[in-house]
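The structure under discussion appears below in the form of structure tokens.
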Amino acid sequence: QVQLVESGGGLVQAGGSLRLSCVASGSIISINAMGWYRQAPGKQRELVARITSGGTTNYADFVKDRFTISRDNAKNTVYLQMNSLKPEDTASYYCKAEGVRTSSLYGATYWGKGTLVTVSS
């Protein structure tokens with residue numbers, strides 16, 4: 001069974017920084033892409049940033065030049081460095097792993113349970 005566990009959320013003042021981490025565990029052989037999504041109360045979940053196993057990244061327009069996604073393939077870990085945080089960045093942040101290959105499955109998608117980021121003004 002594959003599990004994704006996020007960490008690093010918390011309360012920060014506007015203009016501050018946080019670094020989120022997500023570790024995927026289980027009998028994982030490879031993961032095609034990993035990403036971060038966020039969901040604020042009353043809103044739909046939206047893409048924040050995504051990175052492929054080859055290092056190709058894409059970002060939502062609202063986080064460009066503020067957030068940086070990175071990945072350690074050997075550790076099945078993805079990070080999200082968040083700088084210049086704004087109150088509107090307040091949300092639960094979820095990790096997603098796509099195209100997960102294990103000894104018994106190929107191509108599955110998994111989600112973490114989320115970590116809360118609160119940015120005060």
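The values are calculated or read from the model by the stated rules, or taken from the named source; none is laboratory data. Computed from a predicted model, the values in this text were never measured in an experiment. Positions of Cβ are generated from backbone atoms using ideal geometry, with glycine treated the same way; all protein chains shown enter the neighbour counts. Ligands, DNA and RNA are stripped out before the accessible areas are found, and what is left, the full protein with its side chains, is counted by its heavy atoms. Shrake-Rupley method; radii C 1.70, N 1.55, O 1.52, S 1.80 Å.
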Exercise. Would you mind classifying the stretch 42-99 by shape? Square roots of the alpha carbon gyration tensor eigenvalues, ordered a ≥ b ≥ c; an a/c under 1.5 is rounded, otherwise it is prolate if a/b is larger than b/c and oblate if not.
Key: prolate
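Over all directions, what mean area does the Cα convex hull of the chain project, stated in square nanometres?
Details: hull surface 27.7 nm².
Computed as one quarter of the Cα hull surface, the answer is 6.9 nm².
What does the highest-first list of 30-38, 9-17 look like by mean Cβ count within 10 Å? Mind showing how you got there, number by number?
Details: 30-38: 21.0, 9-17: 13.4.
Top to bottom by mean Cβ count within 10 Å: 30-38, 9-17.
Per residue, how large is the accessible surface of the stretch 10-121? Use a 1.4 angstrom probe and give square angstrom.
On the way: 5850 Å² over 112 residues.
In whole numbers, the stretch 10-121 has 52 Å² accessible per residue.
Ignoring ligands, DNA and RNA, what percent of the 1.4 Å accessible area of the chain is carbon and sulfur? Could you put the intermediate results ahead of the total?
On the way: 2900 of 6410 Å².
Carbon and sulfur: 45 percent of the exposed surface of the chain.
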Quiz item: What number comes out for the charge environment of Gly16, summing +1 per Lys or Arg and -1 per Asp or Glu over other residues with Cβ under 13 Å away?
Solution: +2
